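Each remark here refers to the structure printed beneath this line.
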Amino acid sequence: MVETPPRNRFKLRAPNSLDPIEDRVILLICVIVVGASVVGAVYNWPPTVLLPLIFVALYAILRSLLPLRGMHQTLQQTRAELTAVRRELAGPGHQCTEFRRYANNREFYSALRAAILDSAENQLDVWYVRQAPPTTLAQKEARQYFDAVLRWAKDNSSRSARRLICVNSDHMRRWAVEHYRQTRTVPNYEAHVVEWDLKADLLNMAIVDERLVFLAFSGGTNQVIRGMSMDDPEAAKYFTDYFNQHWLTSVPLRTWIDRPAHD
């Protein structure tokens, strides 16, 4: 059963057509134009005299039919009220989650990079569990995303960026060593390593401020990635708990590098 909100609580307001004074002015213009057209017909005025009157009449008609004044504010208010109605209908304990889908590498990494640079404030938790290292990705958007994570951490020392890496091949081991060299001077960026024996890529994720979650799904080749995002703090907590579970059982990249086998 769907709960209907009180009638007097949410009312969607339609924009007023025009101010009353402007309505009267346009009505007066229409009367003048009609009167002038009648006089012009009686006295056989040339068309060049009537053209300005025709344009004035057209303006008055269009201005009456297209009430654009204050439309932007009205649309914003309407959107806010619709959101409030959706939350009211959802009831206690339920939230309206915003989902977005990304059809390819470019769309996914572009959206993730924008979310980090535009809205991330305190914490990033990112996960890379794939057979091939990030350097194999051909799209510039993917490279820009990995650069954006480091730039975001470097710009503010109070931020925290964590990356969980799966090392399961020689390619990934070489990349992990190089990644350590690139990031060891960034104190608020920390990477951990897991050495899972994978036969296929796992689900990859990025969590922004424990509220916005990006999920990446690998395809048939190293260059195929599709994904989705959800803006939902409650759901983000579940993914953060899952991330923390693996983070606590992994090995810091610095410790992993110091092992004799990786010198």
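With the structure loaded, tell me whether Trp152 is over 30 Å from Ala103 (Cβ atoms), assigned by TED's automatic domain parsing to the domain that holds Leu124 and aromatic (Phe, Trp, Tyr) or whether it fails that test. Even if it seems obvious, please write down each step before you answer.
Values: over 30 Å from Ala103 (Cβ atoms): no; assigned by TED's automatic domain parsing to the domain that holds Leu124: yes; aromatic (Phe, Trp, Tyr): yes.
In short, no.
Note down all Cβ pairs under 6 Å where the first residue falls in the stretch 184-213 and is farther than 20 Å from Ser158 by Cα, the second is of a type in the set (S, T, N, Q) and not in a loop (DSSP other than H, G, I, E, B), and they're at least six residues apart or on different chains.
Asp201/Ser218
Can you tell me which residue among Arg87, Arg163 is surrounded by 12 or more Cβ atoms within 10 Å (Cβ to Cβ) and either outside any helix (DSSP H, G or I) or modelled with pLDDT of 90 or more (or both)?
Details: Arg87 fails: either outside any helix (DSSP H, G or I) or modelled with pLDDT of 90 or more (or both).
When all the criteria are applied, what remains is Arg163.
Hey, could you check the stretch 127-142 for residues that are more than 23 Å from the chain's Cα centre (by Cα) and part of a loop (DSSP other than H, G, I, E, B) and say which is nearest to Asn244 (Cα to Cα)?
Going through the qualifying residues, I end up with Val129.
Tell me the residue from Ile165, Ile225 that is within 20 Å of Arg100 (Cβ to Cβ) and under 26 Å from the mean Cα position of the chain (by Cα), please.
Details: Ile165 fails: within 20 Å of Arg100 (Cβ to Cβ).
Criteria check complete, one pass: Ile225.
Restricting to the stretch 110-134, what's the tally of residues that are surrounded by fewer than 16 Cβ atoms within 10 Å (Cβ to Cβ) and touching a residue at least 24 places away in the same chain (Cβ under 8 Å)? I'd like the intermediate steps shown before the answer.
As a first pass, look at the stretch 110-134 and keep what is surrounded by fewer than 16 Cβ atoms within 10 Å (Cβ to Cβ): 114, 117-119, 121-123, 134.
Remaining after also requiring touching a residue at least 24 places away in the same chain (Cβ under 8 Å): 117, 119, 121-123, 134.
Residues meeting the conditions: 6.
Does Leu117 count as at pLDDT below 95, in the same structural domain as Trp196 (by TED's automatic domain parsing) and not acidic (Asp, Glu)? Lay out the reasoning, then the answer.
Details: at pLDDT below 95: yes; in the same structural domain as Trp196 (by TED's automatic domain parsing): yes; not acidic (Asp, Glu): yes.
Yes, satisfied.
Quick check on Tyr145: is it in a helix (DSSP H, G or I) and either closer than 18 Å to Trp256 by Cα or of a type in the set (D, E, K, R) (or both)?
no
The values are calculated or read from the model by the stated rules, or taken from the named source; none is laboratory data. None of these values were measured; they are calculated from a predicted model. In this analysis, Cβ positions are derived from the backbone assuming ideal geometry, glycine residues included, and neighbour counts consider all displayed protein chains.
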